[in-house]
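The values are calculated or read from the model by the stated rules, or taken from the named source; none is laboratory data. Keep in mind it's a predicted model, so treat the numbers as computed, not measured. So basically every Cβ, Gly included, is an ideal-geometry build from the backbone, and we count neighbours across all protein chains shown. Surface areas here come from the heavy atoms of the whole protein model, side chains and all, with no ligands, DNA or RNA. Shrake-Rupley method; radii C 1.70, N 1.55, O 1.52, S 1.80 Å.
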Amino acid sequence: MQRVLNFLLILLLCLMLVHTLVYLAFGVALIPFPFDYDQAEGFELNNAVLLASGGCPYCNNDIFPFYGSGYPPLFHMLMVPFVKLFGPQFWYGRLMIFCATLVTALAIAWAVFRDSGHRMIAMIAGLAFLSSNYVYHIGPLLRQHLLMVMFETLAVVTIARAFQPGIKTRRHLFVAFALLLCAGYTKQLAYTSCIAVSLWLFLRNPRAAIQYSLGLALAAGAIFALLMLATDGHWWINIITANQNPYRMDQFLGLLQQFLRLHGWLFVLAIGMVVYEMYFDRLSVFSIWFVAAFINTSAAGKWGAGDSYFVTALAAICILSGIFLARSATGAWHLSRNYLSRFLKPTAGLANGKLLALSGTILFLAYGISVFKLPTSGPFFAPIASALNIQPLPSWRYPLYDPAGWTVGYAVTGHLPSQDDYERGWEIVDLIKQTDGLLLSEDAGFNLRSGREVIANAIQLKNLWENGLFDPTELINRIRSHSFGLVIIRAGLFPPPVMIAIHSNYQLEQIISMNGFDYQLWKPRTSASAGDD
């Protein structure tokens, strides 16, 4: 049976490596793409541009340039040195997030190895994270969510060692809570990890939990207060109030079903690890983190949220499932004496044998098969897809095979940018340079590429407008007076009154398709045909 187990583990490692190579290939193809690949990438980059020049991404949205960001500034601050060295470019932000996913995978592998000493299974657990469709779709994007997950994972892995013999506890606690502070000021969703870590620490050492949790709260509060003062209160409006979006239960349930269909194999092992710790061991920080993170996936139902809200839970699942498999393979289960252990004593040999390890390996293999995805374009992947007779799903509009299907909130990414996408993007930039006046665009990348100021963050303005916090009067007046020589619409993301003003005072001149989207180029109507709305 040991030979069978070794063969399956080698097969599993090879499968995970194939997934990781596909992920690496996607990252290499996407990182140098010079335009917005996913909505809002350009606005994240513009936040760094503003900070590099002393500007403010969190100021009054009612007045020119009508710009605001809904995310904390740490990721954008990390890009500032690159902005000063290279100017506004997408590649360094994408590379930073891509590397963050690799660091997260390494942290997962280290946590499993530290618990079991099993190198191969530790590698498998880390690669399982990179193999997920969710990580694949958003990993190379210039979006800060996976940087938050990296900080969260590093914090949890660090604090897990804090009370082990020979460890400098205070140093580990300080580093862990500093990483949680970084996670929170990367994206607000990290509050769940802060609660989980504090709760675990309270179970281990109430005094330390109070001290370090209070220190974290004071540090976060002080930064929050400084930002409130620096932005005249608009920090609260942009970061807190603008994110109070409507909730869609169908979106959450669709994503939850999809997540479990893809990752349920590892989810079962993670649950098994939690149950084991509850009845036969001490609850680890990984288990508490997993439970808290999974509960918080319910936030994925908010409008504007999506599959990324499951990635923190995925990191915890990879650690717990990896530990479960490693302990099974090494026979490291120990049933403490209680009523359950007496009941399970006749079957305890199975756990310390290889049957449980084989079962766990089969579940990992099932996971590796369920998350299989493959680009179907490009000089390397197109021949492979053709040879394997793999085609995109009928409902998928991109050259990408993704058996996950699509549900509301699932990232519509993962395909390779084509040469045509490059050419169409530069065509739009050339048209912008030939146009006088300001540029109003739903994708900020065109502004940055053409040397124009970024004006208005469409999604942010829509969120503020729906919460009664954006007065579009000045923006509409500028639209009526044709201050904008060109308006670029991709999905109609501006608040309804702004869209009405654009349609009334501008006319559609051209549609250019790029990256699967139809970019509508609107120019001012003549005075005779301009509307009054």
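Over segment 87-245, with the other protein chains present, what is the accessible area per residue in square angstrom, probe 1.4 angstrom?
Counting only protein heavy atoms, the per-residue value for segment 87-245 is 39 Å².
Ignoring ligands, DNA and RNA, what percent of the 1.4 Å accessible area of the chain is carbon and sulfur?
Of the solvent-accessible surface of the chain, carbon and sulfur hold 65 percent.
Could you calculate the contour length gain from R525 to S359, that is, 0.36 nm times the residue separation minus the distance between their Cα atoms, to one decimal place in nm?
53.0 nm
Taking the Cα centre of segment 458-533 as origin, sum charge times position over the Cβ atoms of Lys and Arg (+1) and Asp and Glu (-1), and report the length of that vector in debye to the nearest 20.
Here the size comes out at about 180 debye.
Putting +1 on Lys and Arg Cβ atoms and -1 on Asp and Glu Cβ atoms, find which of L253, F324, A456 reaches farthest to the positive end of the dipole of the chain.
Farthest towards the positive end: F324.
To the nearest 10 degrees, how steeply does helix 91-116 sit against the main Cα axis of the chain, on a 0 to 90 scale?
10 degrees
So what is the 222 nm mean residue ellipticity for the chain from helices alone, if each DSSP H run of at least 4 adds -39500 (n - 2.57) and you divide by all residues, rounding to the nearest 500 deg cm²/dmol?
-19500 deg cm²/dmol
Every cysteine in the chain with no other Cys Cβ under 4.7 Å from its Cβ, please list them in numeric order.
Result for the chain is C14, C99, C182, C194, C318, no neighbouring Cys Cβ within the cutoff.
What does the extension gain come out to for Q419 and M499, with contour length at 0.36 nm per residue minus their alpha carbon separation?
25.6 nm
With a Förster radius of 22 Å, plug the Cβ-Cβ distance of N6 and I369 into 1/(1 + (r/R0)^6) and report the FRET value to the nearest 0.05.
Given R0 = 22 Å and the Cβ-Cβ separation, E is 0.65.
For Y191 and E474, what is the calculated FRET efficiency with R₀ set at 45 Å and r taken between the beta-carbons, to the nearest 0.05?
E between Y191 and E474, to the nearest 0.05, is 0.85.
What percent does the relative contact order of segment 34-95 come to when contacts are Cα pairs within less than 8 Å and at least six residues apart?
Relative contact order, segment 34-95: 39 percent.
Cα axis of helix 119-131 to longest principal axis of the chain: angle in degrees, 0 to 90, nearest 10?
Relative to the chain, helix 119-131 is tipped by roughly 30 degrees.
Taking +1 at the Cβ of each Lys and Arg and -1 at the Cβ of each Asp and Glu, which of H172, N296, Q434 sits farthest along the dipole of the chain towards its positive end, judged by Cα position relative to the Cα centre?
H172
Multiply the residue gap between A387 and N205 by 0.36 nm, knock off their C-alpha separation, and tell me the result in nm, one decimal place.
That pair, A387 and N205, stretches by 59.7 nm at full extension.
How large is the charge dipole for the chain, taken about the Cα centre, if only the Cβ atoms of Lys, Arg (+1) and Asp, Glu (-1) carry charge, to the nearest 20 debye?
2560 debye
What FRET efficiency, computed as 1/(1 + (r/R0)^6) with R0 = 30 Å and r the Cβ-Cβ distance, is obtained for S483 and C99, rounded to the nearest 0.05?
Result of the calculation: an efficiency of 0.15.
For I195, I271, give me the order by solvent-accessible area with a 1.4 Å probe, most accessible first, ignoring ligands, DNA and RNA.
Largest accessible area first, the list is I195, I271.
Relative to the longest principal Cα axis of the chain, at what angle does helix 2-30 sit, 0 to 90 degrees, rounded to 10?
10 degrees
State, to one decimal in nm, how far the label point of W303 lies from the label point of W406, with both points 7 Å from Cα in the Cβ direction.
So the label points at W303 and W406 sit 2.0 nm apart.
I want to make sure I understand the PRE zone here: with the label point 7 angstrom from the Cα of W426 toward its beta carbon, which residues in segment 5-36 have backbone N atoms less than 14 Å away?
It comes to 33-35, nothing else.
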